[in-house]
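The values are calculated or read from the model by the stated rules, or taken from the named source; none is laboratory data. All values derive from a computational prediction rather than experimental measurement. Here the Cβ positions follow ideal geometry from the backbone for every residue, glycine too, while neighbour counts run over all protein chains shown. The protein model used for the area step is the full one, side chains on, heavy atoms only, and it has no ligands, DNA or RNA in it. Shrake-Rupley method; radii C 1.70, N 1.55, O 1.52, S 1.80 Å.
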Amino acid sequence: MIQMRHIIDLCDLTEKEFSDLYKLTTNIIDRPEGYTDACRGKVLGSLFYEPSTRTNLSFSTAMMRLGGSVVGFSDPGSSSTTKGETLKDTINMVSSYADMIVMRNPREGAAKAASMYSSVPVINAGDGGHLHPTQTLTDMVTILRMRGSADDMKIGLCGDLKYGRTVHSLLHFLERYHNVQIYLIAPDVLGLPDYMIQFLKEHNMPYCEVKSIDDALPELDVLYMTRIQRERFVTAQEYQNLEGNYQLTAEKLKRAKKDMLVLHPLPRVDEIAQDVDDDPRAVYFRQARFGMFGRMALLLTLSKLPFIRAGHQDIGSHGVKCSNHKCITKTESYLPLEGKVGERCPYCDAPLEMLL
Ligand code: NCD
């Protein structure tokens, strides 16, 4: 039984909680008909402030397959945000209607902020370029179901490692496995952010930086491809300079191990050529389906937690500000923020700076 109420990062679950969640996921995969009424009468509040197809549909389908219902929006233009409502007020209100909240927001740290004002569990469905724990659940269910463990694996992460939140979340979680070697395959401008490199070092996770797929491919057990996150680029020119780089093709795949897994959180643009899709190693569409079952297990588990009124929170910053201009504290100025200069922001993990 999960004690933790909010899922901001998949690492919020203990090893035992994750293992129970994985067991429940496999039970649902093997016998979905046993769960059609498991969330009957429960309501999921689904707040998508940023476009999404898979995650949004996957959560909604997961809830419906459990017999529950979904309310919310997939376009913030149709919510009171356009009238200037704060995140705090929206969450306060939705958490008095719904039994759980799933939220995607372009601001980094938004899910953590929302959880502070919620009386029901908040699930982070992506907060800017920061984290995406249920994609990590999807990735881990795929690896565990298809290979049994992530221990002793060589895992290549390719594409946009700077803005790709799925990569950041996955790396956080892989820390739990033994002897995992990470290959970071990205151009310099899309390399892993400093705070994530720091994370790898602090946790003694062996990694190497590689400049092309070809260099790493023969070694890998898993190749995790990602899309270049056009919407997070500052200028269109920056994006155009990189589009089309780091592409996987059927020709390149010939040099990979016979049992390597090609994963991708999707949507795919052109980083995986269409001729890869029929290769048995290309498991990204199965991965998306595993994700729905993982989300069913998560919703079912969280739906059993009691309603607890959100506690008091301080208001505003105390001597520091976050150095990340995409941090949720930049737009929701009432959010409490304290700590020492150089310490990590409690919302988005970027370093704190002096408030002048
Ligand atoms: C990812 C996301 O939104 O971060 N997609 C997803 O959730 N399935 C990856 C992406 O958008 O490239």
With Cβ to Cβ distances under 14 Å as the rule, what net charge do the other residues near ILE28 carry (K, R +1; D, E -1)? +2
For the chain, with every protein chain kept in place, what is the accessible area per residue (1.4 Å probe, Å²)? 43
Using a probe of 1.4 angstrom, how much of the accessible area of the stretch 68-200 is carbon and sulfur, in percent? 44
Of all DSSP beta bridges in the chain, what percent run antiparallel (nearest 5)? 10
Within 14 Å, Cβ to Cβ, of GLN313, how many net charges do the neighbouring residues add up to if Lys/Arg are +1 and Asp/Glu are -1? -1
Going by the alpha-carbon gyration tensor, a ≥ b ≥ c the square roots of its eigenvalues, is the chain rounded (a/c under 1.5) or, if a/c is not under 1.5, prolate (a/b greater than b/c) versus oblate? oblate
Springs between alpha-carbon pairs under 10 angstrom, Gaussian network model over the chain: which of LYS330, LYS258, LYS154 fluctuates most? LYS258
